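Undergrad: Handing you this structure, nothing more for now.
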Amino acid sequence: MKKAVKILVIVTMCSNIAHAFAQASMEEQVTDTDGNRFCPTIVLTGPLHIDLMDGYGLNVSITPANYSCSSVEFIINDRYTLQKGISTSCNLQAKKAGRWRIQAMVDGIPSNTIIVEVLYPDVNAIMNNPAVASAMNAAWSATKLAASASGRAEYGFWIFVNTATMSYECAPAQAGRMVRGSTETHASITIRIPGEQPSISPLQGGKYAVAHFHTHTPLTYCRPVAAFRGIGPSTADNTVLTSSSYRMPGLVYDYIAVWDSFWGEFGLTGGHNLHASAQVYTFGVDRRATPWY
Ligand SMILES: [Zn+2]
């Protein structure tokens, strides 16, 4: 009877009643210097939105502050141990996009739960990554090199984030169909299914498509009046990447538009300098949608 009263006292002081019963051995650890029993309050905080490969930035605060803990565990979706030790912070890099329920356990005492959305990177982060920028520049050079009086072709590739190596990766550039003459001012490229290697848990690294890139072709070897086109993403580009199941950002390397007095609009005119100014244009969605698990 006396024991039951003691337990009742603990229960009323705990924020998580069920867990107080489950942790019988906790009674030794929740005695303060005056011999009074208490149940520490565990509060988990961290950013609610991070990008893939960002640190989780999780912190646990324990009240009272002088509580000496022997185990701090950060748990995702009640079953994946992200980190276990005595550190009250966790800044491991996120390996899988998703909306994750994260909770901390301090000596088996649970914290509040927070939902952290691990986002795919946005198109600006993707295009500013040095490895991606380098691959895009190489594809643009290849596009210009491939252009001649006998034809021209677009080049393109999927861009991935590999969370096993924590780096961006670009698939080898694939050349599109060679087009000739000035009748088709736009070349084209076939967008194939990206070769992803998704992981089964948020603890494991995987390879995820985050955007698609392609180049547009020069009209240097076309006749000035006969060949004219707008620059940047075409209607077809927008349609393919945004209305298909991909729903991923698009990037296209193309020339910068100049005024064409014959056509009376800005665009790219046949016979232009092959090495005229060019840039990467972005289109479609800002970032790939976060999956639900
Ligand atoms: Zn295009």
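Undergrad: What share of the DSSP beta bridges in the stretch 149-264 is antiparallel, in percent to the nearest 5?
TA: Values: 15 of 19 bridges.
So the antiparallel bridges amount to about 80 percent of the total.
Undergrad: Next up: Calculate the FRET efficiency for Arg177 and Thr290 from the Cβ-Cβ distance with a Förster distance of 30 Å, rounded to the nearest 0.05.
TA: With R0 = 30 Å, the Cβ-Cβ based efficiency is 0.30.
Undergrad: Now for a separate question. Round to the nearest 0.05 the FRET efficiency obtained for Val258 and Ala138 when R0 = 35 Å and r is the Cβ-Cβ distance.
TA: So the FRET efficiency works out to roughly 0.90.
Undergrad: So which chymotrypsin sites (Phe, Trp or Tyr not before Pro) in the stretch 176-277 are both in a DSSP loop and have at most 15 other Cβ atoms within 10 Å of their Cβ? Don't skip to the end; give the middle numbers.
TA: Details: sites: Tyr208, Phe213, Tyr221, Phe228, Tyr246, Tyr253, Tyr255, Trp259, Phe262, Trp263, Phe266; in loops: Tyr221, Tyr246, Phe262, Trp263.
Passing sites in the stretch 176-277 are Phe262, Trp263.
Undergrad: Thr242 label point, 7 Å along Cα→Cβ, cut-off 17 Å on backbone N: hits in the stretch 257-288?
TA: Within reach of a label on Thr242, which here means backbone N under 17 Å from a point 7 Å along Cα→Cβ, the stretch 257-288 contributes 281-288.
Undergrad: Taking the Cβ of each residue in Lys95, Lys144 as the centre, tally the other Cβ atoms inside 10 Å and list the residues starting with the fewest.
TA: Values: Lys95 22, Lys144 16.
Ascending Cβ contact count within 10 Å gives the list Lys144, Lys95.
Coordinate-derived values only; no laboratory data. All values reported here derive from a predicted model rather than from experimental measurement. Cβ: placed from backbone, ideal geometry, glycine included. Neighbour counts: every protein chain shown.
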